[in-house]
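Have a look at the structure below, then the notes.
No value in this document is a laboratory result; all are computed from the given coordinates. These numbers were taken from a predicted model, which means no experiment stands behind them. Quick reminder, even Gly has a Cβ in these numbers, built from the backbone with ideal geometry, and neighbours come from all protein chains shown.
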Amino acid sequence: MTKPVVIVGASMAGLRTAEALRRFGYTGAITAIGDESYGPYNRPPLSKEVLVSDAVTFESVAFAQRAATADVTWVLGNKAVAANLEGQTVTCADGQVFEYSNLVTATGLRPKRADFANNLNTGRHAIRSLDDAIALRAELKPGARVVVLGAGFVGCETAATAKKLGCDVTIVAPSRLPIQRILGDDLAAEIMRRQQAEGVNFVMGQSISDLIGNEKVEGVVLDNGVKLPCDVLIEAIGSLCNVEWLAGNDINISDGVLTDANLHARKSTGETWSNVFAVGDIAKFENALFDGETRRVEHWNIPTESGKHVGQQVALQYQIDDANADAHSRSSATAALASLTTTGFRPVPSFWSDQFDVHLLAFGMLALADENRLVQGGISGDCVFEYYRGGKLVGVAGIGMRSVVQNYRNVFAQKESK
Amino acid sequence: MTIKIDVDMTKCQHYGQCVFEAPNIFRLNNNDKLEYTAEADDSELANVEAAIDVCPMQAIFIV
């Protein structure tokens, strides 16, 4: 019996990889290993719906399982701790060793945490997993004094949700404006204005130097010495890649997993591992739609699209290598794989954010821009911004006006044939 | 053969992610609200499944 395809990471990217394997004709064994006790679930509600209602459970956010992937072996609540890429094995925390034919790394991110002299645990939160969100939910009571450290998407969305729940909310961040690196000054300033109009306090250009309290957080001390009372501290200061388990192999894990344009992991020589792939937030790939730089892209559609790209490649290679297959199906698989890999993985990043009445929708790589232009509407209402780098359109974002923003996606890429 | 498509409009937040994947089935109207065709030819199955995958609210179903 041939060794299974092993997917390490049982979240969205891993699930989509498994589905694509089946959709494109792989019939062999698939094992998916995940450190959470849950199967794949949808994370966007974690900063919104899950915090609002006790009725939101795992079942509410679980991804629907398709019949085609019903026979995937899910190894849950078990963390991969080591891999031997030469020997084609993955070792888990409980000592189990899994042999693989192809390895898909899909281990995603974990929240970066702040470090304080008074390193209290109680009253501090981060949001990445369902259990994180459920733990925070219990503390977001009306009147609770909430400090959100960090003003990115997660920080801003969580602040809005906490405010709607009746908490007293202050965002503290070192940057001048929220979500500034991605949205640029104009839209970032408008997001801040609208959050302030809803009653969220902002302390920008500051970080938190220490905590106040004995057994639990009672306050925070800012860099400038100012003290803020705090019942609940939410740390939304970015993420770290879960790639330590790949250490010791000839692979570049300095920032996620460095890959080629088809998501094969790279060796130090620049060659690639033909049977080791990265998908989702940890994949650091070059995107021919934009430039030759390799980047990780933490946007909504990347886990799905990278999972499909890898699943399809592995499934086609499996058909090409299948000694029992007829010549026709092998040659058509060969042609399909060549077409797929010549194009390479070139997704149009897509994301949105909801904060109070602000419904933001965006496509592209806004953070690359050196210039942005208001092209429709007015910034205090619904509006659309185009983002340029060196005069070339690299992204679009809108508040409202979704049908206008939607039309831009085809400007970046023709829809891939399926 | 045809497929039947259902969108749970109590969940749908009109993000329009489905529109790109299955433009023959889903569209945003002038008020940015989702509209969709509830019955389609089998040939749309792959596109509709892709739309199901990318729906942030997981509100799309084949019935």
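Observations, loosely collected:
- Net dipole in debye of chain B [+1 Lys, Arg Cβ; -1 Asp, Glu Cβ; about Cα centre; nearest 20]: 240
- Test item: B:51-60 mean partner chain Cβ contacts at 10 Å: 5
- Given charges at beta-carbon only (K, R positive; D, E negative), |dipole| of the stretch A:308-418 in Debye: 220
- Listed residue (A:H299, A:L316, A:A362) projecting farthest to the positive dipole end of the stretch A:221-380, Cβ model: A:L316
- Distant-in-sequence amide contacts of A:T272, defined by a placed amide H-H separation under 5 Å and a gap of 5 or more residues or a different chain, comprise A:K267.
- Remark: relative contact order (the stretch A:319-406) = 21 percent; criterion is Cα-Cα distance under 8 angstrom and separation of 6 or more residues.
- Selected from A:V226, A:I237, A:A265, residue furthest toward positive end of dipole (the stretch A:209-276; charges at beta carbon): A:A265
- Taking the centroid of alpha carbons for each part, the stretch A:143-167 and the stretch B:1-24 are 31 Å apart.
- Shielding by partners - mean other protein chain Cβ count within 10 Å, residues of A:349-360: 2
- Across the options A:A197, A:C167, A:G213, the greatest Cα extent toward the positive end of the charge dipole of the protein assembly as shown (unit charges at beta carbon of Lys, Arg, Asp, Glu) belongs to A:A197.
- Aspartates and glutamates whose Cα lies under 20 Å from that of B:K4, excluding same-chain neighbours fewer than 8 positions away: B:E21, B:E35, B:E39, B:D41, B:D42, B:E44, B:E49, B:D53
- Within the shell defined by Cβ-Cβ distances under 12 Å, the residues around A:G378 carry a net charge of -3, with Lys and Arg each +1 and Asp and Glu each -1.
- Under a model in which nothing but the beta-carbon of Lys, Arg (+1) and Asp, Glu (-1) is charged, chain A shows a dipole of about 620 debye around its Cα centre.
- Ellipsoid fit via the Cα gyration tensor, the stretch A:1-136: semi-axes of 30, 20, 10 Å, each the root of five times an eigenvalue, largest first.
- Footprinting exposure proxy for A:E99, A:E286 (fewest neighbouring C-beta atoms within 10 Å first): A:E99, A:E286
- For B:6-18, mean number of other protein chain Cβ atoms within 10 Å: 3
- Alpha-carbon gyration tensor eigenvalues x 5, square-rooted, for the stretch A:78-156, Å: 36, 14, 13
- Radius ratio Rg over Rh of the stretch A:276-363, counting only Cα atoms, Kirkwood formula for Rh: 1.13
- Computed across chain A, the Kirkwood hydrodynamic radius from all distinct Cα-Cα pairs reaches 22.8 Å.
- With the highest mean first, a sort of the peptides A:179-185, A:218-224 on other beta-carbon atoms found within 10 angstrom per residue produces A:179-185, A:218-224.
- Length-normalised contact order of chain B in % [C-alpha pairs under 8 Å, at least 6 apart]: 49
- Helices meeting the span-like rule in chain A (full DSSP H runs, Cα extent of at least 20 Å along the helix axis, mean Kyte-Doolittle score of -1.0 or higher): A:180-197, A:302-321, A:327-343.
- Across A:K48/B:K33; A:K163/A:K227; A:K3/A:K308; A:K163/A:K392, pairs whose alpha-carbon gap is larger than 30 Å: A:K163/A:K392
- Neighbour counts of other Cβ atoms within 10 Å put A:F116, A:F24, A:F285 in the fewest-to-most order A:F116, A:F24, A:F285.
- Ranked by how many other beta carbons lie within 10 Å on average, peptides A:350-362, A:44-56 from highest: A:350-362, A:44-56
- Relative contact order of chain A, defined on C-alpha pairs under 8 angstrom at six or more residues apart (%): 16
- Three-way shape label, the stretch A:181-259, alpha-carbon gyration tensor, a/c 1.5: oblate
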